[in-house]
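Data first, discussion second: the structure below is written as structure tokens.
The values are calculated or read from the model by the stated rules, or taken from the named source; none is laboratory data. Keep in mind it's a predicted model, so treat the numbers as computed, not measured. Here Cβ is always computed from backbone atoms with ideal geometry, including for glycine, and neighbour counts include all displayed protein chains.
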Amino acid sequence: MAASCAVGLGVSLARGLVRYAEASRLLAPCRVLPQSCIHTTTALEGNKNWERKNRVLHQPQPPEETRRAAEVFHCRRQIKYSKDKMWYLAKMIRGMTIEQAIAQLEFNDKKGAAIIKEVLLEAQEMAVKSHNVEYKSNLYVAESFSGKGQYLKRIRIHGRGMFGIMDKVYCHYFVKLVEGVAPTEEPRTGFDQAKEYVQQLRNRTIIHSL
Amino acid sequence: MCTVVPALAVQGPGIFPQPHRNEETEEHSFLDNIFWMAAPKKRRTIEVNRCRRRNPQKLIEIKTNIEPCSECGNLKQKHVLCGFCYEKVRRETAIIRGQIQAQEGKPLNNPAVETVVLYEGEKPADTDAGKRIVERKRQRPSWFTQY
């Protein structure tokens, strides 16, 4: 996981690193390319798709349709924390109202809790300022998850001249706040699951039959 | 002419000691020792790993003992003092302590009498006759009762 201790001998690992460096130089973005495959981002920048989701413009709704709930997408990149540890906090606040989530994070002792609380408060402010949300507490956490950031690699010295490559872990945190009340999902019982399974079996058809 | 057969300078044992072989046996014993160590037999699949990492025992429990403070309205835990109110009191006491330090001058110079903190517009009462007085140039805070 975090400290990937691939114990190897010095020379072969150095050769491996040199090969990796050469390959990355060969695959560097070219200056002259046909129009269909222009890379405007480098490998180091990563995907910024979550931030782009805020710029989506929907069609105007007809008057009889129910009002589409306002959605706010927010994220923080390159947090110095493990994505696996951050996942537990993200999982805890899924589906909660924003006030509940902030309360839980305030009294949690983990390092990521303070960071997620900051992100939620920023997102709440963004929602009220620029996303047409009327009441700042009328939001709930629709989606919340963590992703792997770009790691730094360091050498961790073991005994007998061996060494491993240590990863300095970073993570991203993504959250989507939606206006309104969170939809309550009925907990699926075993009986419901069995019923669905039987229905799936009954829906099967024999192809190319009469 | 008799050829002189080279003889050993030292009459040692018949079998020569071989230091080179000792190094090899050391390497072998290091690798041999690994044989008796516990090692995983198979790779743990991601499904098995997920079952272990996500089972309810490892998930964070949500706290049900959070309530708003009756004084300031910030959130607090039921069995813990409100953090905001505590910080407010801590700042005021830090200022009072600074004034006491300035009054005393050097460390371990406190007089053997009680201390009374007086805010703006307050006179020392008769009961505060021989006590040390610390003046604070502000209105008395509501939470610091005089009597």
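A compact table of results
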{"read-out": "Per-region count, the range B:77-97, residues within 23 Å of the chain's Cα centre (by Cα) and without any contact (Cβ under 8 Å) to a residue 12 or more places away in the chain", "value": "6"}
{"read-out": "Number of the condition not met by residue A:72 [criteria: (1) crowded, with 20+ Cβ neighbours inside 10 Å; (2) in contact with a helix residue (DSSP H, G or I) (Cβ under 7 Å, 6 or more places away or on another chain); (3) within 14 Å of another protein chain (Cβ to nearest Cβ)]", "value": "(3)"}
{"read-out": "Which listed residue is assigned to a helix (DSSP H, G or I), out of contact with any Cys (no Cβ under 9 Å at 6 or more places or on another chain) and surrounded by 15 or more Cβ atoms within 10 Å (Cβ to Cβ), from A:113, A:194", "value": "A:113"}
{"read-out": "Matching residues in the range B:111-134 - criterion: being loosely packed, with under 12 Cβ neighbours inside 10 Å and not β-branched (Val, Ile, Thr)", "value": "B:111, B:112, B:114, B:120, B:121, B:123, B:124, B:126, B:129, B:130"}
{"read-out": "Residue tally, condition surrounded by 13 or more Cβ atoms within 10 Å (Cβ to Cβ) and more than 13 Å from chain A (Cβ to nearest Cβ), over the range B:56-71", "value": "1"}
{"read-out": "Residue B:91 being within 11 Å of chain A (Cβ to nearest Cβ) and not polar (S, T, N, Q)", "value": "no"}
{"read-out": "Residue check for residue B:50: within 14 Å of another protein chain (Cβ to nearest Cβ) and over 31 Å from the mean Cα position of the chain (by Cα)", "value": "yes"}
{"read-out": "So residue A:126, is it under 26 Å from residue A:82 (Cβ atoms), of a type outside the set (Val, Ile, Thr) and touching a strand residue (DSSP E or B) at 6+ places or on another chain (Cβ under 9 Å)", "value": "no"}
{"read-out": "Flag if residue A:77 is more than 12 Å from every other protein chain (Cβ to nearest Cβ), under 13 Å from the mean Cα position of the chain (by Cα) and either surrounded by fewer than 16 Cβ atoms within 10 Å (Cβ to Cβ) or not hydrophobic (A, V, I, L, M, F, W, C) (or both)", "value": "yes"}
{"read-out": "Filter pass, residue A:139 being modelled with pLDDT of 95 or more, surrounded by fewer than 10 Cβ atoms within 10 Å (Cβ to Cβ) and not charged (D, E, K, R)", "value": "no"}
{"read-out": "Test: residue A:123 is more than 14 Å from every other protein chain (Cβ to nearest Cβ), outside any loop (DSSP other than H, G, I, E, B) and not charged (D, E, K, R)", "value": "yes"}
{"read-out": "Test: residue A:156 is without any contact (Cβ under 8 Å) to a residue 12 or more places away in the chain and either of a type in the set (D, E, K, R) or assigned to a loop (DSSP other than H, G, I, E, B) (or both)", "value": "no"}
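Results for (1) of a type in the set (Ser, Thr, Tyr); (2) in contact (Cβ under 8 Å) with a residue 12 or more places away in the chain; (3) surrounded by fewer than 18 Cβ atoms within 10 Å (Cβ to Cβ); (4) part of a loop (DSSP other than H, G, I, E, B), shown as yes or no for each residue.
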| position | (1), (2), (3), (4) |
| --- | --- |
| A:39 | no, no, yes, yes |
| A:46 | no, yes, yes, yes |
| A:52 | no, no, yes, no |
| A:60 | no, no, yes, yes |
| A:67 | no, no, yes, yes |
| A:81 | yes, yes, no, yes |
| A:92 | no, yes, no, no |
| A:99 | no, yes, yes, no |
| A:108 | no, yes, no, yes |
